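Novice: Dropping a structure here in structure tokens format, bear with me for questions.
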Amino acid sequence: MEEIPIPTRRARKKQPIHREIPLRAFDGQRFAIRLDWNSVAGQWTVEIEHLAREFVVTRSVANAYRPYSYMPFVVFMFADPSAEAERVTPDNIGDTMKLWALPGPAGRQPEDN
């Protein structure tokens, strides 16, 4: 399991977040993570894109504990390791509610890289 860092200051201010990161869980492949606050709906939207293939894994509401699958390579998920938070909010995203990348059958554990 690999944590994808989210800047908590920007999240608390409900500012757009855009990260481009290599995933150790998927042989260093680069992904773009985009988070936007929808003030009308009162929720975060998330877009995850595999940059090499220009493939959008998801473009949806950021839901806690929902798998965003790019099988067989990697699965993304917002989760609180303490299991206390039930929703993704500006106050907990990047803090207690983290974005994780879990290797799929064709991926690798980060320690193996």
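Novice: Take G104 and decide whether it is more than 14 Å from the chain's Cα centre (by Cα), of a type outside the set (A, V, I, L, M, F, W, C) and closer than 18 Å to P5 by Cβ. Steps first, please.
Specialist: Details: more than 14 Å from the chain's Cα centre (by Cα): yes; of a type outside the set (A, V, I, L, M, F, W, C): yes; closer than 18 Å to P5 by Cβ: no.
No: the conditions fail for G104.
Novice: Oh, and also: Could you pull out every one of the strands (runs of 3 or more DSSP E) wholly within the stretch 1-76 that has 2 or more residues that are crowded, with 16+ Cβ neighbours inside 10 Å and in contact (Cβ under 8 Å) with a residue 24 or more places away in the chain?
Specialist: Numbers: elements: 2-4, 17-23, 29-38, 43-50, 55-61, 68-70.
Hits in the stretch 1-76: 2-4, 29-38, 43-50.
Novice: Could you please find all residues in the stretch 1-50 being within 17 Å of L102 (Cβ to Cβ) and in contact with a His (Cβ under 7 Å, 6 or more places away or on another chain)?
Specialist: Filtering the stretch 1-50 for residues within 17 Å of L102 (Cβ to Cβ) gives 1-6, 21-29, 31, 33, 46, 48, 50.
Across the stretch 1-50, the qualifying residues are Q29, F31.
Throughout, read-outs are computed from the coordinates displayed, never taken from laboratory work. Note that this is a predicted model, so its numbers are computed, not measured. Because the Cβ atoms are built from the backbone with ideal geometry, glycine has one as well, and the counts that use them run over all protein chains shown.
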